[in-house]
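Read through the structure below, which is laid out as structure tokens, and then see the notes.
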Amino acid sequence: MAGIKGLGEAHTYDGSPLRIAIIHARWNTTLISALLAGVLKSLTASGVKRENIVIQSVPGSYELPYAVQRMYTASQTQAAAASILGGGGGLGRGLVESATDLLGGSVTDLTGLGREVVGAGAPAPPQTTEKEEEKKKEGEGGAKGLTQPFDALIAIGALIKGSTMHFEYISDAVSHGLMRVQLDTGRPVIFGLLTLLTEEQGRERAGIAGEGGDQGHNHGEDWGAAAVELGVKRRGWAEGRFVK
Ligand code: DLZ
């Protein structure tokens, strides 16, 4: 008999206007790589453009809530900087130029705000060619992409239970932390945290189980779809509309 578990009726949403952040832990990399690929596959299938996806990694799952919160703030900073600089050199540009004068050149490039800020006293970044710089920005999902605040953020981690209480403490803290960030920021944070009793459970949920490494279901695909759905619905809610 077929089971009753699962996501229910599938809806499709247009992700093309969205900007999405993915923050993943590096612990248990085999699982994380597969889950990340699943997320990217479904974001792309929903129309999210690669240049509008920003990916950052952190060491472990414990770091996820803080990183998600800070990344959202960084995207707000980018959006503010872009709106100040917008309009091709009007009042905004004048303000930035005045600020640069007042700071005596300690801020070398305000247009890079949120991407890379060189503060007073910080060592100068290594020189890169134009081509390298372009490639680097593309890797950050920012070169020609949108600068609006993220529409949704996806946190990916895989915790595997060991012989101490470590697993319980981190699972609990991260779950609560991610929920808090989404309620505090008002932006959807997708819960891509696998809390696993065994490695095999992880392979099943990353779609890499079995001898051929292609069995199970990649939950990353569901997380990408959830990010697009919530991103689209939040935009509707912000305008007093209820997107079906
Ligand atoms: C320390 C640790 C352990 C033992 N296990 C995991 C794990 O299974 N999955 C994971 O994402 N992170 C693990 N970590 C690292 C912690 O999440 C965290 O990065 C460190 O405690 C530093 O804050």
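Among all residue pairs at least 6 apart or on different chains, which show Cβ distances below 9 Å where the first residue, located in the range 56-83, is farther than 14 Å from Val189 by Cβ and away from the ligand (no atom under 11 Å from the Cβ) and the second is in a helix (DSSP H, G or I) and at pLDDT below 95?
Ala81/Val96; Ala81/Leu110; Ala81/Thr111; Ala81/Gly112; Ala82/Thr111; Ser83/Gly92
So which pairs qualify, if the first residue must be in the range 170-188 and in contact (Cβ under 8 Å) with a residue 24 or more places away in the chain and surrounded by 15 or more Cβ atoms within 10 Å (Cβ to Cβ), the second must be in a helix (DSSP H, G or I) and of a type in the set (Ser, Thr, Tyr), the Cβ gap must be under 8 Å, and the two must be at least 6 apart or on different chains?
The qualifying pairs are Ile170/Ser61; Ile170/Tyr62; Val174/Ser61; Val174/Tyr62; Gly177/Tyr66; Val181/Tyr72; Thr185/Tyr72; Arg187/Tyr72.
Working only within the range 209-225, note down all residues that are surrounded by 21 or more Cβ atoms within 10 Å (Cβ to Cβ) and among the hydrophobic types (A, V, I, L, M, F, W, C).
Listed by number, the residues that qualify are Trp223, Ala225.
What is the number of the single condition among (1) within 15 Å of the ligand (Cβ to nearest atom); (2) assigned to a strand (DSSP E or B); (3) among the β-branched types (Val, Ile, Thr) that Ile190 does not meet?
That leaves (1) as the condition not met.
Looking at (1) more than 15 Å from the ligand (Cβ to nearest atom); (2) under 30 Å from Phe167 (Cα atoms); (3) not in a helix (DSSP H, G or I), which is the only condition Trp27 fails?
The number of the failed condition is (1).
How do the pairs read when you match residues in the range 146-163 that are farther than 17 Å from Asp222 by Cα with residues anywhere that are within 16 Å of the ligand (Cβ to nearest atom) and assigned to a loop (DSSP other than H, G, I, E, B), using Cβ under 7 Å and keeping only pairs 6 or more apart or on different chains?
Here the result reads Ile160/Asn28; Lys161/Leu197, each pair linking the range 146-163 to a residue that is within 16 Å of the ligand (Cβ to nearest atom) and assigned to a loop (DSSP other than H, G, I, E, B).
Report yes if Leu159 is among the aliphatic types (A, V, I, L, M) and under 23 Å from Gly236 (Cβ atoms), otherwise no. If you could, list the steps in order and put the result at the bottom.
Details: among the aliphatic types (A, V, I, L, M): yes; under 23 Å from Gly236 (Cβ atoms): no.
No: the conditions fail for Leu159.
The values are calculated or read from the model by the stated rules, or taken from the named source; none is laboratory data. All values reported here derive from a predicted model rather than from experimental measurement. Because the Cβ atoms are built from the backbone with ideal geometry, glycine has one as well, and the counts that use them run over all protein chains shown.
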